[in-house]
């Protein structure tokens with residue numbers, strides 16, 4: 001599902017099925033003027049105005065009009081562009097090296113119209129670019145606000161380019177009705193959004209004849225293919241207009257529903273009058289959401305701008321249920337599973353020390369911790385006894401039986417009455433704040449570990465003693481399953497026991513990630529140094545340590561602008 005470019009991706013116009021293209025015209029160059037006359041007639045009727053073809057310029061998508069706009073500004077004027085803005089405008093300013101200024105947004109990312117009006121008086125002879133509803137926020141510039149900008153522009157030899165690519169999704173009338181009153185207004189419209197015709201690349205401008213002529217003079221000859229002209233003409237029909245109304249009504253309903261869905265989860269989307277929502281959230285949560293949706297075949301939009309990096313923009317689909325189902329996996333988990341060693345508990349001075357001592361005992365050779373970590377990252381070595389056995393075989397050149405390896409390993413790890421063993425060196429990685437956040441989420445939690453049951457119990461007791469506020473709902477050890485990780489057996493058993501369809505797994509090895517993916521769980525890797533291996537094993541996200549879970553399960557603070 002393509003929800004990244006604000007196209008009409010999951011509900012195609014029904015009237016298109018009945019169109020038969022006139023191939024007899026394809027031998028000759030296309031002529032756009034008859035369609036410009038048709039559009040002028042339609043606009044005259046709906047806006048109670050008197051338009052002619054001289055007031056309309058049909059372009060190859062809105063992009064051609066924007067390209068010509070940039071050229072016009074370069075040749076004749078300066079630019080005033082309030083932010084945030086559609087990327088075609090920001091990139092155009094940079095690539096054309098235009099003279100002028102951008103206007104910083106208000107703190108809530110709304111357009112600072114007061115600053116725009118001030119800039120007009122300070123910089124006469126400018127072109128002001130406004131988009132309404134704005135992309136990427138969905139903010140609506142009211143017609144009254146537009147009039148204030150137009151008045152300021154008229155008093156300072158300036159004009160306004162008003163992009164209405166998304167106007168059909170708002171409740172506001174088009175600014176085209178202001179053209180007879182304001183000769184310094186150019187309005188851009190497109191068939192790419194509400195009409196669902198992005199593939200034919202058709203848009204048009206409406207303005208007074210003098211401004212339109214500036215665009216026509218700079219347009220490519222025969223700029224719109226004949227098939228596109230034919231389809232665009234049909235889009236002006238009553239049947240097509242009714243289809244657009246039906247589609248827009250559904251999108252508006254879904255937009256309201258999705259807006260409330262996010263608010264119920266303490267996220268605050270920007271109020272939108274368009275066919276998308278822009279949702280701010282913690283950066284890690286945005287990364288996780290984007291990747292999980294991508295894995296499920298749903299594309300959403302991310303941004304490179306500093307103020308938008310932690311935002312996700314989602315096009316509103318006609319069929320909302322598949323999107324909601326996918327979002328629930330990220331925002332409504334029912335079960336959180338955690339590996340123990342290296343995730344909840346620091347075992348670098350316990351298990352890893354026991355491995356090193358065991359290898360030295362049997363092979364007579366020292367093994368570096370980096371070698372131990374590299375071996376573990378390969379996958380298939382979630383069991384430290386097996387890992388020790390493999391390192392011994394590599395060190396001495398021949399295999400050794402597992403049983404004596406286990407016996408010695410356990411003696412080093414667990415110690416005796418006189419020797420506390422390496423286990424005494426273990427400390428909790430999970431901190432109090434993260435544990436409290438997990439508790440607040442009010443979901444089932446479980447430890448799925450490669451430890452035997454007795455040692456898993458000791459680890460759990462350490463966590464309880466250290467944290468006090470968190471106790472897992474269940475512990476699955478190697479003694480509780482037939483097949484250990486990377487088998488999904490442990491996680492699947494927990495999902496069945498808790499009747500949980502939506503689960504996450506946190507782990508620091510490829511085996512953990514494979515178990516997560518095989519159990520249809522979100523896979524979250526721990527340890528950026530292992531990122532390549534964890535990603536290759538199926539990790540949806542890799543974080544530095546488990547305490548960053550706070551950013552994954554805690555929504556952004558309420559935005560004051562929304563009350």
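The values are calculated or read from the model by the stated rules, or taken from the named source; none is laboratory data. Predicted model, so just to flag it, every value in this text is computed and none were measured. Every residue, glycine among them, receives a Cβ derived from its backbone with ideal geometry; neighbour counts consider all protein chains shown.
A few comments on the model shown:
- Residues satisfying the stated conditions in the range 511-537, i.e. buried (at least 20 other Cβ atoms within 10 Å of the Cβ) and either under 15 Å from residue 291 (Cβ atoms) or out of contact with any strand residue (DSSP E or B) (no Cβ under 9 Å at 6 or more places or on another chain) (or both): 511, 513, 516, 521, 522, 523, 524, 525, 534, 537
- Just one of the listed residues (480, 508) is surrounded by fewer than 19 Cβ atoms within 10 Å (Cβ to Cβ), more than 24 Å from the chain's Cα centre (by Cα) and under 15 Å from residue 450 (Cα atoms), namely 480.
- For the range 262-286, the candidate set comprises residues that are more than 24 Å from residue 524 (Cα to Cα) and out of contact with any strand residue (DSSP E or B) (no Cβ under 8 Å at 6 or more places or on another chain); within that set, the residue that is surrounded by the fewest Cβ atoms within 10 Å (Cβ to Cβ) is 264.
- Yes/no for residue 497 being under 20 Å from residue 451 (Cβ atoms) and modelled with pLDDT of 95 or more: yes
- Candidate set: the range 123-170, residues that are in a helix (DSSP H, G or I) and touching a strand residue (DSSP E or B) at 6+ places or on another chain (Cβ under 7 Å); chosen: the one surrounded by the fewest Cβ atoms within 10 Å (Cβ to Cβ): 146
- Scope the range 486-501; condition in a loop (DSSP other than H, G, I, E, B) and touching a strand residue (DSSP E or B) at 6+ places or on another chain (Cβ under 7 Å); matching residues: 498, 500
- Which numbered condition residue 63 fails, given (1) outside any helix (DSSP H, G or I); (2) surrounded by fewer than 16 Cβ atoms within 10 Å (Cβ to Cβ); (3) touching a residue at least 40 places away in the same chain (Cβ under 8 Å): (1)
- In the range 84-111, the residues that are part of a loop (DSSP other than H, G, I, E, B), on the phi < 0 side of the Ramachandran plot and surrounded by 17 or more Cβ atoms within 10 Å (Cβ to Cβ): 84, 85, 86, 98, 105, 110, 111
- Hey, residue 8 part of a loop (DSSP other than H, G, I, E, B), touching a residue at least 40 places away in the same chain (Cβ under 8 Å), surrounded by 12 or more Cβ atoms within 10 Å (Cβ to Cβ) and in contact with a helix residue (DSSP H, G or I) (Cβ under 8 Å, 6 or more places away or on another chain) or not: yes
- Against the test of being in a helix (DSSP H, G or I) and more than 29 Å from residue 61 (Cα to Cα), the options 229, 288 yield a single qualifying residue, 288.
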